[in-house]
Amino acid sequence: MTTTKNHNIQPIDPLISEAYQTLSDTLKEEFHERASIIEFDSNIPRDHAERLAMDAVLVKMNAEK
């Protein structure tokens, strides 16, 4: 995976942004990557894609505990 370091790009939704702050750098990168893929492939608004991406990242994070 290519690291792009776009951690300074905050999610649109304030609740998603709050959860985003708790993620590790690796999970932040994964969040941005998933949100971009979902937005592009599903042709849905960015804020909706970010919600779906956050769900996926949080599930992964909890599964790793």
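Residues that are exposed (fewer than 11 other Cβ atoms within 10 Å of the Cβ), at pLDDT below 95, out of contact with any helix residue (DSSP H, G or I) (no Cβ under 9 Å at 6 or more places or on another chain) and farther than 18 Å from MET61 by Cβ: does the stretch 6-26 have at least one?
yes
Of the residues GLU50, GLU29, GLU39, only one is more than 10 Å from the chain's Cα centre (by Cα), assigned to a helix (DSSP H, G or I) and crowded, with 16+ Cβ neighbours inside 10 Å; which? Spell out the reasoning first.
Values: GLU50 fails: more than 10 Å from the chain's Cα centre (by Cα); GLU29 fails: more than 10 Å from the chain's Cα centre (by Cα).
When all the criteria are applied, what remains is GLU39.
For LYS60, indicate whether it is assigned to a helix (DSSP H, G or I), modelled with pLDDT under 95 and basic (Lys, Arg). So that I can check it myself, show each step before the final result.
Details: assigned to a helix (DSSP H, G or I): yes; modelled with pLDDT under 95: yes; basic (Lys, Arg): yes.
Considered against the rule, which asks whether it is assigned to a helix (DSSP H, G or I), modelled with pLDDT under 95 and basic (Lys, Arg), LYS60 comes out as yes.
Could we say that ILE44 is modelled with pLDDT of 95 or more, of a type in the set (Val, Ile, Thr) and not in a loop (DSSP other than H, G, I, E, B) here?
On the way: modelled with pLDDT of 95 or more: yes; of a type in the set (Val, Ile, Thr): yes; not in a loop (DSSP other than H, G, I, E, B): no.
In short, no.
The values are calculated or read from the model by the stated rules, or taken from the named source; none is laboratory data. The shown structure was predicted, so the numbers you read here are calculated from the model rather than taken from an experiment. Heads up, the Cβs are rebuilt from the backbone with ideal geometry, glycines too, and the neighbour counts pull from every protein chain shown.
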